[in-house]
Amino acid sequence: MRLGLFFIAMGMLLDWRLVRMQWPAVVILLVLVLLAKLVVVAGVAALLGASAGTALRTGRPTIVHASEHFCQGIKVWTCAAAPIRDPVDGVMVGLVDLSGSPSIFRPHNVAMVAAVAHRIETSLAERYQARRAHLLEAFFDSGVTPAQDDAVLILDQMGRTMYLRGGPDI
């Protein structure tokens, strides 16, 4: 209750004209605060052994239910998590996490988060293929016609090989 009153009181002190004028800075600060919160929550989960931390360490879908948690403060939670991997190099790029009170516990929660992670990976793979096709089309439409024995290497914005023809054997 007091926290709510604090935020209401602080909100009434805002100069809304200044907020409207400086909206890009406000948005950037808001995003930075949310990212910091995400980093802190992920770090705490990794340190405390919640399913997110376990999934990050093992690289596999995981469920941790109630008293299975290491930390006393979160023994009332149920957590299911699954890693999201880059479709190109298999590096873990994210995590799907479903955490809440024991009332959300269902045996299929881990399968559900794994399915969501798989769908995200499929979407990433589709985007990768579309970017690859776009880069190849742009190259072939550019009018550059390399000789048959010329090597051709096309990289994406992350420096990954999208196309390789010829060149030395590695």
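So for the stretch 101-170, what are the equivalent ellipsoid semi-axes in whole Å, largest first, each being the square root of 5 times an eigenvalue of the Cα gyration tensor?
Working: eigenvalues 364, 34, 12 Å².
Each semi-axis is the square root of five times an eigenvalue, giving 43, 13, 8 Å.
Starting from the residue with the highest accessible area, list ARG85, ARG57 in decreasing order, probe 1.4 Å. Please list the in-between numbers first.
Values: ARG85 80, ARG57 150 Å².
The ordering from most to least exposed comes out as ARG57, ARG85.
Arranged from highest to lowest average of other beta-carbon atoms within 10 Å per residue, in what order do the peptides 126-134, 105-113, 26-34 appear?
Numbers: 126-134: 12.2, 105-113: 15.8, 26-34: 10.7.
Ranking the peptides 126-134, 105-113, 26-34 by packing returns 105-113, 126-134, 26-34.
The values are calculated or read from the model by the stated rules, or taken from the named source; none is laboratory data. From a predicted model like this one, the values you see are computed outputs, not experimental measurements. We place every Cβ from the backbone using ideal geometry, glycine too, and count neighbours over all the protein chains shown. With ligands, DNA and RNA removed, areas are computed over all heavy atoms of the protein, side chains included. Shrake-Rupley method; radii C 1.70, N 1.55, O 1.52, S 1.80 Å.
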